[in-house]
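The values are calculated or read from the model by the stated rules, or taken from the named source; none is laboratory data. Treat the numbers as computed from the prediction; the structure is a model and nothing was measured. Quick reminder, even Gly has a Cβ in these numbers, built from the backbone with ideal geometry, and neighbours come from all protein chains shown.
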Amino acid sequence: MTELIENNKLIELVIEKHKKFLDIYNTEFSGITGKMNTLKQQSDNVKKEIETAEAKILVLNEKYYLLFHQAKKLREEIFNMIQEKMRAAGAASVQEAARISGKIEEFEKKLQNTKNIEEEEKIIVEMKKLLYEFESAARKAGITITCKGIPDKLNEANFSHKELLSLQNKPKQDKGSMEEYGKQIRDIEGRYNWLKHRIESHNTASAYWEKQKAG
């Protein structure tokens, strides 16, 4: 009987030891798990931001070129129609309109090739002046016309180009953040796995001794 009591006390001490370790390891494991989940969530968020930015960059890159092209087509339609009317009416300002048209065509070519936003904005300012001059030439021939739709498209293209430039470096910067999150996760992953293994081991041992105590 004495031997049984001593054995039970010994088992209780073993169980108590395992529970003590479990308390210590579970507390640390909980903290590391929370930190790891936070880092993974932050990494996932950055990944989504990279994907969104890269998709937007592709769209904007096509959009601002397309808008410049649309502005050119609209300008050609208006200019061709007005110059045709001028020629039919024998208007003296038809030569002035042709001169303005030639200058604008030169600026349109520059717009399709320039990557410099400041140069682009200067070109658009000059084009707006020429469009106003064309409207004046048309009025001299007794023709009322507005070229408003053309500057609107030029402005929209310029805005899209600015937005594109503001986003261009974002994916690279975000990839740097994502790599840093990955490094932090790897730094604590070893301890996380070790704690997980130790907790499983102590739980198994504790369950075994609880069974021995009961039986």
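Listing for the model above:
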read-out: Which numbered condition GLY31 fails, given (1) surrounded by 15 or more Cβ atoms within 10 Å (Cβ to Cβ); (2) under 33 Å from the mean Cα position of the chain (by Cα); value: (1)
read-out: Within the stretch 45-102, considering residues that are of a type in the set (Ser, Thr, Tyr) and more than 16 Å from the chain's Cα centre (by Cα), the one nearest to HIS161 (Cα to Cα); value: TYR64
read-out: Selection status of SER160, small (Gly, Ala, Ser), surrounded by 19 or more Cβ atoms within 10 Å (Cβ to Cβ) and in a helix (DSSP H, G or I); value: yes
read-out: So ALA71, is it among the aliphatic types (A, V, I, L, M) and modelled with pLDDT under 95; value: no
read-out: ILE143 surrounded by 13 or more Cβ atoms within 10 Å (Cβ to Cβ), in contact (Cβ under 8 Å) with a residue 60 or more places away in the chain and part of a loop (DSSP other than H, G, I, E, B); value: yes
read-out: Among the candidates VAL46, VAL59, residue that is aliphatic (A, V, I, L, M) and in contact (Cβ under 8 Å) with a residue 12 or more places away in the chain; value: VAL46
read-out: Any hit, the stretch 50-57, residues being in contact with a Gly (Cβ under 7 Å, 6 or more places away or on another chain), part of a helix (DSSP H, G or I) and either surrounded by fewer than 16 Cβ atoms within 10 Å (Cβ to Cβ) or on the phi < 0 side of the Ramachandran plot (or both); value: no
read-out: Among the candidates SER93, SER136, residue that is among the hydroxyl-bearing types (Ser, Thr, Tyr), in contact (Cβ under 8 Å) with a residue 12 or more places away in the chain and over 30 Å from GLU54 (Cβ atoms); value: SER93
